[in-house]
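Single-structure report; data block below.
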Amino acid sequence: MRLGAAIMVTMTASAADQSVLRPSGPQAAHIHWLWDVMLWTTGVIYVVVLLVLFAGVWRRRKATDPTTMTDAKLEKYVIASVVASTVIFFALLIASVAVGKATSDLDARNGLIVNVTGYQWWWRVEYVHPEPAQYITTANEIHIPVGRPVTFVLTSSDVIHSFWAPNLHGKRDLLPNQKNSLVLRADKPGVYRGQCAEFCGLQHAKMAFAIIAEPQEKFDAWYANQVKPAAEPVTEEQVKGRDVFLSHACVMCHTIRGTQANARLGPDLTHIKSRATIAAGTLPNEKGHLGGWISNPQSIKQGVRMPPNPLMPDELNALLGYLESLK
Amino acid sequence: MFLRFLRPYLIVALVGTCACEREQRQFNEPTAASAPVQSVRLTPQQPGPQLPEIATDAPYAENAYAVNEGKKLYSSYNCEGCHFMGGGGMGPALMDDRWIYGSDPANIFQTIVQGRPNGMPSFGSKIPRYQIWQLVSYVRSMSGLLKSDVAPSRSDSMHARAPEAMMKQEIPKQ
């Protein structure tokens, strides 16, 4: 049972990696190095202190009076350990400051600029482009090209959130009415899971994101697809599904570019089927899960802003058919 | 002796439990239910038999959490686009004592559901019922018609007027 759970955890981890111990970018590598240095230094010290303690316990106590404690040998030991502690702490301090500087030294020129806005409980992701027509909006999944620096401009629409993809960098807070930035680079392709790292309310735990690092050509193809407006419905069912979307509560909060739905309260659904998960990493993006989510999101992610939608079965099916076509 | 030491804490705990209902959060709201009676009297003048004047208990008139949700929805659904922060602009003011289509919760509910001439859109098919009731309670709080411990006492952004909890009660004229 426990083994099974352990295997499950490993498998999920291999699908979307979230670990400080497997760095995939220069900054995470620096942080990982610092972690190693601190772990081994303090680990060795811990073992030495314990050995000395045990030796003290083991040695037979001499029947002496306290005045014999003032011998020169004891003084030497005290001085030596104070000097050693100072030197070690100072070395760790220098290592820590050096890593702090190294992680913020990445050259952001010739890179990508991505605006990330935190919401309770999901992430709006916008790619800044000099041409307005090439500006794209998506949610919760951030594609980046391998080997190119990416500047994340972080802000929040409600409370403080924190952006943390441990394989690539440390944490950075998203503050309401203020912009923060974080520059990172992924050197290995892969899917890196990230998580909100500042308690932000009821569903803080279900506020995940994914950074998908891929080769430049693959990234360009993804980008070109995202720039396009939503696919026109083809089948009769899809046409009906679009009508359901536009005539019910969906249209009050969501955008599907190319239709009349232009609201910005919830995630952009123009290419919803191009994403692997829904509800900020809560569920896999499959028809059944999506149907359950639309019918009653409160039973899956209690407190989420999206209300339950009591649709007729044929309406729900048509709506799902349409959303599944938005690749 | 020990009890005497505990007494103030017990009193505080008791008072605390009284406020629980005020903050109660419900996440699985009944969605289709709780539409008000069909014929709501909109104006004092009407043909045929006079409809009785009604006084409905709005579902969220006593729930501070729901009223705050209403406040959030008021800006999310762009009510403030026309009514502004209650002072009115393109749409009528909501913080005064004048109600063109009635001040009763059921009247406000129908106004939001059906829409009204000269610009008020119909939101009936677009917003779940429970959110409309949250908006109704919030709209009533703007002219001081809710209890001050239920009405919102602060705003997230700068406001030109006092918070809803401090608004003077405007007795509706009709």
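The values are calculated or read from the model by the stated rules, or taken from the named source; none is laboratory data. Computed from a predicted model, the values in this text were never measured in an experiment. All Cβ positions, even for glycine, are placed from backbone atoms using ideal geometry, and neighbour counts span all protein chains on display. For the accessible areas, the whole protein counts, side chains as well, though only heavy atoms, and no ligand, DNA or RNA atoms are used. Shrake-Rupley method; radii C 1.70, N 1.55, O 1.52, S 1.80 Å.
Is there a quick way to get the dipole size of the protein assembly as shown? I mean about its Cα centre, with the Cβ of Lys and Arg at +1 and of Asp and Glu at -1; what is the value in debye to the nearest 20? Numbers along the way, then the final one.
Numbers: 48 positive and 41 negative charges, 275 e Å.
The calculated dipole for the protein assembly as shown is roughly 1320 debye.
Arrange the residues B:S143, A:S104 by how much accessible surface each exposes, largest first, with a 1.4 angstrom probe.
Working: B:S143 0, A:S104 85 Å².
If we order B:S143, A:S104 from most to least accessible, we get A:S104, B:S143.
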Query raised in the report: Taking θ as phi - 60°, what are the ³J(HN,Hα) couplings along the range A:195-200 by the Karplus curve (6.51, -1.76, 1.60), each to the nearest whole Hz, with x for Gly and Pro?
Result: 8, 5, 10, 9, 4, 10
Report summary line: Counting sequence-distant residues (5 or more places) and residues on other chains, those with an amide H built under 5 Å from that of A:I142 are A:A210, A:I211, A:I212
Report task. Grab the DSSP H runs of chain B that are 4 residues or longer, score each as -39,500 (n - 2.57), total them, divide by all residues and round the 222 nm result to the nearest 500 deg cm²/dmol. Result -> -10000 deg cm²/dmol
Query raised in the report: A:F219 accessible area, nearest 10 Å², 1.4 Å probe?
Result: 10 Å²
Report task. Might you work out the accessible area of B:V40 for me, using a 1.4 Å probe with all protein chains in place, and round it to the nearest 10 Å²? Result -> 20 Å²
Query raised in the report: For B:K173, which aspartates and glutamates qualify as cross-link partners when the Cα separation must be under 20 Å and same-chain residues fewer than eight apart are set aside?
Result: B:E53, B:D57, B:D96, B:D97, B:D104, B:E164
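Could you report the buried accessible area between A and B, both sides summed, computed with a 1.4 Å probe and given in Å² to the nearest 100?
Details: alone 18740 and 11060 Å², together 28520 Å².
Using a 1.4 Å probe on protein heavy atoms, the buried area is about 1300 Å².
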Query raised in the report: So, with a 1.4 angstrom probe, what is the percent of accessible area on chain A that is carbon and sulfur?
Result: 65 percent
Report summary line: Residues whose built amide H sits under 5 Å from the amide H of A:L174, excluding neighbours closer than 5 in sequence, are A:H161, A:S162, A:F163
Query raised in the report: How much of the DSSP beta bridge set in the protein assembly as shown is antiparallel, as a percent to the nearest 5?
Result: 65 percent
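What percent does the relative contact order of the range A:236-324 come to when contacts are Cα pairs within less than 8 Å and at least six residues apart? All intermediate terms of the calculation are to be shown ahead of the outcome.
Details: 106 pairs, mean separation 31.7, N = 89.
That works out to 36 percent.
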Query raised in the report: Which whole number of Å³ per residue matches the convex hull of the alpha-carbon atoms in the protein assembly as shown?
Result: 275 Å³
Query raised in the report: How large is the accessible surface per residue of the protein assembly as shown, computed with a 1.4 Å probe and reported in Å² as a whole number?
Result: 57 Å²
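Normalised by the number of residues in chain A, what is the relative contact order in percent for Cα pairs under 8 Å and 6+ residues apart? Intermediate results must be reported in sequence, preceding the final value.
On the way: 550 pairs, mean separation 53.5, N = 327.
Relative contact order, chain A: 16 percent.
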Report task. Would you mind working out the magnitude of the charge dipole of the range A:81-223 relative to its Cα centre, with +1 at each Lys and Arg C-beta and -1 at each Asp and Glu C-beta, to the nearest 20 Debye? Result -> 280 debye
Report task. Could you point to the residue in B:M167, A:I300, A:L326 farthest towards the positive end of the protein assembly as shown's charge dipole, with +1 and -1 charges on the Cβ of Lys/Arg and Asp/Glu respectively? Result -> A:I300
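Using Cα pairs closer than 8 Å and at least 6 residues apart in sequence, work out the relative contact order for the range B:56-174, in percent.
On the way: 175 pairs, mean separation 37.6, N = 119.
Computed over the range B:56-174, the figure is 32 percent.
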**Report entry** Calculated from backbone phi, Karplus (6.51, -1.76, 1.60) coupling profile of the range A:212-229 in Hz, x at Gly/Pro
**Finding:** 9, 8, 9, x, 3, 5, 5, 4, 4, 5, 4, 4, 4, 5, 5, 5, 5, x
Query raised in the report: Restricting attention to the range B:47-99, which chymotrypsin sites (Phe, Trp or Tyr not before Pro) occupy a DSSP loop and are surrounded by at most 13 other Cβ atoms within 10 Å?
Result: none
Query - Vicinal HN-Hα couplings computed from phi for the range B:58-73 (Karplus, 6.51 cos²θ - 1.76 cosθ + 1.60; Hz; Gly/Pro x) - result: 5, x, 10, 5, 10, 10, 5, 4, 5, 5, 5, 4, x, 5, 5, 5
Query raised in the report: How much accessible surface area, in Å² rounded to 10, belongs to the heavy atoms of B:V15 with a 1.4 Å probe?
Result: 90 Å²
Query raised in the report: Can you give the helix-only mean residue ellipticity at 222 nm for chain A, where every DSSP H stretch with n ≥ 4 adds -39500 (n - 2.57) and the sum goes over all residues, rounded to the nearest 500 deg cm²/dmol?
Result: -13000 deg cm²/dmol
Query - Among A:A72, A:P215, A:T282 - extreme Cα towards positive end, dipole of the protein assembly as shown, charges at beta-carbon - result: A:A72
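If you take every residue apart from A:A221 with its C-beta less than 13 Å away from the C-beta of A:A221, what net charge results, scoring Lys and Arg +1 and Asp and Glu -1?
Details: positive: A:K218, A:K228, A:K327; negative: A:E214, A:E217, A:D220.
Here the count lands on 0.
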Requested in this report: Name the residue farthest towards the positive end of the dipole of the protein assembly as shown from the options B:Q24, A:M252, B:V139, assuming +1 on Cβ of Lys and Arg, -1 on Cβ of Asp and Glu, about the Cα centre.
Outcome: B:Q24
Query raised in the report: Quick one: if you stick a label point 7 Å off each Cα along the C-beta vector at B:N118 and B:S148, how many nm between them?
Result: 3.3 nm
Query raised in the report: Are there residues in the range A:293-311 whose accessible area shrinks by at least 10 Å² when all protein chains are included rather than the chain by itself, and which are they (probe 1.4 Å, ligands and nucleic acids not counted)?
Result: A:N296, A:Q298, A:Q302, A:G303, A:R305, A:P307, A:P308, A:P310
Query - Whole-percent pair-distance distribution, where bins are 10 Å wide, for the alpha carbons of the range B:56-174 - result: 15, 53, 31, 2
